[in-house]
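Working notes, structure below.
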Amino acid sequence: MSTELPESAVPPPTGAGESSPAPTRRTFIATSTAVGGAVVAGGVIGGTSFIGPEEATAADGPPSSRVSLTVNGTRRTVTADNRTSLLDLLREHFGLTGSKKGCNAGACGACTVLVDGHRVNACLTLAVRLEGTEVTTIEGLATRGELHPLQQAFIDEDAFQCGYCTPGQILSGVGCIQEGHTDSPEEIREWMSGNICRCGCYVKIVRAVESTAGRK
Ligand code: FES
Ligand code: FES
């Protein structure tokens, strides 16, 4: 069987005369922290224009339910398969890919979002049970173009490497601060222990949460 890619799947060649400056690690970090990856913003703006904020159909076929919820300040009504997780609803139906899928089993925290101000693992939360709730994802943290203080602190502290866990870490950190579990680095570690960082950036993550909590 041929494994050749169809012509349309082959990326166009780069022009010999073209050159683009390679992003520095710091510019990558700044972009990644702002919206959980620049791809996120592109996905939201360019990938979901066909999904109106008022109504969208998430999945065909029973069993399904209609649910209305507010995501990052925008009211959305959707008919979703009853088995759809909040994470899949956000990523696959609303184009909000900042929330990451790691284990998809509640063990890594990469999918952490806020529901009515409380941190949840979106991969374990059924979307159809969220009627009337307010969901905040990494895309909704910045206000009027200004980063949330914890997003800024992650940049200032250089609190990540690959960035995959970062959106979940930041949402969890926001929850941790709101809950008041920030009296010591040990307490922050305990209450952030559900968020795994394979790059091992824990010291800097704790420092970012601690410095942000201190500015409250
Ligand atoms: S993807 Fe949800 S906890 Fe790992
Ligand atoms: S920065 Fe790579 S997993 Fe946390």
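Using a Förster distance of 25 angstrom, determine the FRET efficiency expected from the C-beta separation of ARG189 and ALA107, and round it to 0.05. With a Förster radius of 25 Å, E is 0.90. Ranking PRO167, ILE205, GLY180 by how far each Cα lies toward the positive end of the dipole of the stretch 149-210 (charges on Cβ) leaves PRO167 at the top. Across the stretch 185-192, coupling constants 3J(HN,Hα) worked out from phi with the 6.51/-1.76/1.60 Karplus curve, θ = phi - 60°, read x, 5, 5, 4, 4, 4, 7, 10 Hz, and Gly and Pro carry x. Ordered by the count of other Cβ atoms within 10 Å of each Cβ, fewest first, THR212, THR77, THR143 give THR143, THR77, THR212. One chain, two ends: VAL203 and THR79. Fully extended at 0.36 nm per residue, the span grows by 40.4 nm beyond their Cα-Cα distance.
Laboratory data are not the source of any read-out in this text; all were calculated from the coordinates shown. Here the structure is a predicted model, which is why all the values come from computation and not from measurement. Heads up, the Cβs are rebuilt from the backbone with ideal geometry, glycines too, and the neighbour counts pull from every protein chain shown.
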